[in-house]
1. Mind checking whether some residue in the range 27-49 is more than 23 Å from Ala166 (Cβ to Cβ), part of a loop (DSSP other than H, G, I, E, B) and among the aliphatic types (A, V, I, L, M)?
2. Return yes when Ala184 is in the same structural domain as Ser286 (by TED's automatic domain parsing) and either modelled with pLDDT under 95 or touching a helix residue (DSSP H, G or I) at 6+ places or on another chain (Cβ under 8 Å) (or both) and no when it is not.
3. Of the residues Glu320, Glu249, only one is among the acidic types (Asp, Glu), over 20 Å from the mean Cα position of the chain (by Cα) and either closer than 19 Å to Ala70 by Cβ or in the same structural domain as Gln112 (by TED's automatic domain parsing) (or both); which?
4. Report whether or not Asp135 is assigned to a helix (DSSP H, G or I), without any contact (Cβ under 8 Å) to a residue 24 or more places away in the chain and either more than 18 Å from the chain's Cα centre (by Cα) or not assigned by TED's automatic domain parsing to the domain that holds Glu249 (or both).
5. Report whether or not Ile263 is assigned by TED's automatic domain parsing to the domain that holds Asp135, out of contact with any strand residue (DSSP E or B) (no Cβ under 7 Å at 6 or more places or on another chain), within 24 Å of Thr113 (Cβ to Cβ) and not small (Gly, Ala, Ser).
6. What number of residues within the range 190-201 satisfy the criterion of being in a helix (DSSP H, G or I) and surrounded by 21 or more Cβ atoms within 10 Å (Cβ to Cβ)?
7. Does Glu179 qualify as being surrounded by fewer than 18 Cβ atoms within 10 Å (Cβ to Cβ), assigned to a helix (DSSP H, G or I) and at pLDDT 95 or above?
Amino acid sequence: MTETRSVTAALTAAAEIAGQAPSVHNTQPWHWRVESDGLELRAEPARQLRASDPDGRLMVLSCGSALHHARIALAAEGWHVEVERRPEPNRLARVRVTGRSDRDPWAMRHLQTIQIRRTDRRPVADVPIEAAVLDAVRAAVEAEGIWLHLMRPDEVVELAAAADRAQVLENFDPQWREEISYWAGGVRGEGLGVPGTAIPHEAPQTTVPARDFGVTGDLPITAGHDGAARYGILFGPGDTAESWLRAGEALSAAWLVAIEHGISLVPMSAAIEVDSTRTILRRLVSGIGDPYLVLRLGVPEPDRAAPPRTPRLPASETVENGV
């Protein structure tokens, strides 16, 4: 009985920590059910972006990031788990506890990093990223069964054109404009969405355009142009829900490693949201896989404080006790 309670407490804590994961527009589209020996992960359709993510790619990818966070939380406490990804149509994954040993120091470090992770949309410093750091980020991605294509300068120009075109097309869509106005700007006291404190007060003058939220925010920016930023495409062998889930796990892994090497990471989804621009990204990875997300990597300006954390739903709204 004591062991069962210990497992249940660890699983509950892991599901709650998973709530700190990144998600598209901070929609937090996950639902966890705590069982006697594991966690069941489902997507929450009520928090899907119907206009910009009708197929659920970014919703499932966001759930994948939460899955990776939960795995880290359990490993940091010494729990060994097996993960079934999309074992049934109505659930994305099941995490089953298989044993326990010493705490994993690597996971313990990642768990601490989860607490300080932010999405900083401001331009990065004009300082190149060391090759060894890029190698570490790529290794973290590949460990999750996904690949990272680091783009050449000429490819970044194509990415910029694709991102700009995607946002122009979306801005022509009244349903998309209504959706983004619901999820972005303001105080966001309900615990969802992107608050004004996380949105730059003016559009950065960068080669690759930042997300246009349709509103100005409160985040001051410098005159930087992201000249030393590196851009990468997360991609993999299929355009399936399991692939999207693994891409989310890879995003979480890459982000935590980047932070631990002093690097800022920003996910960029605009070019993924439009079929025609997603095709451009597929060509940029030489057609050998399907693109899931664009990443901007860079060294943050040394003298600026991190932006405030985005709000989170209470655990009672994302974690269900099924024991």
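1. No, there is no match, as no residue in the range 27-49 is more than 23 Å from Ala166 (Cβ to Cβ), part of a loop (DSSP other than H, G, I, E, B) and among the aliphatic types (A, V, I, L, M).
2. Against the criterion (in the same structural domain as Ser286 (by TED's automatic domain parsing) and either modelled with pLDDT under 95 or touching a helix residue (DSSP H, G or I) at 6+ places or on another chain (Cβ under 8 Å) (or both)), Ala184 qualifies.
3. None of the others qualify; the one that does is Glu320.
4. Considered against the rule, which asks whether it is assigned to a helix (DSSP H, G or I), without any contact (Cβ under 8 Å) to a residue 24 or more places away in the chain and either more than 18 Å from the chain's Cα centre (by Cα) or not assigned by TED's automatic domain parsing to the domain that holds Glu249 (or both), Asp135 comes out as yes.
5. Here the answer is no, as Ile263 does not meet what is asked.
6. The number of residues fulfilling the criteria is 1.
7. Here the answer is no, as Glu179 does not meet what is asked.
A quick yes/no check of all residues on (1) part of a helix (DSSP H, G or I); (2) crowded, with 22+ Cβ neighbours inside 10 Å; (3) of a type outside the set (Phe, Trp, Tyr):
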| position | (1), (2), (3) |
| --- | --- |
| Ala166 | yes, yes, yes |
| Arg188 | no, no, yes |
| Pro204 | no, no, yes |
| Asp212 | no, no, yes |
| Val215 | no, no, yes |
| Arg246 | yes, yes, yes |
| Ala258 | yes, yes, yes |
| Pro267 | no, yes, yes |
| Thr279 | yes, no, yes |
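The values are calculated or read from the model by the stated rules, or taken from the named source; none is laboratory data. For clarity, every value in this text was computed on a predicted model and none was experimentally measured. Cβ coordinates were reconstructed from backbone atoms using ideal geometry, including for glycine residues, and neighbour counts include every protein chain displayed.
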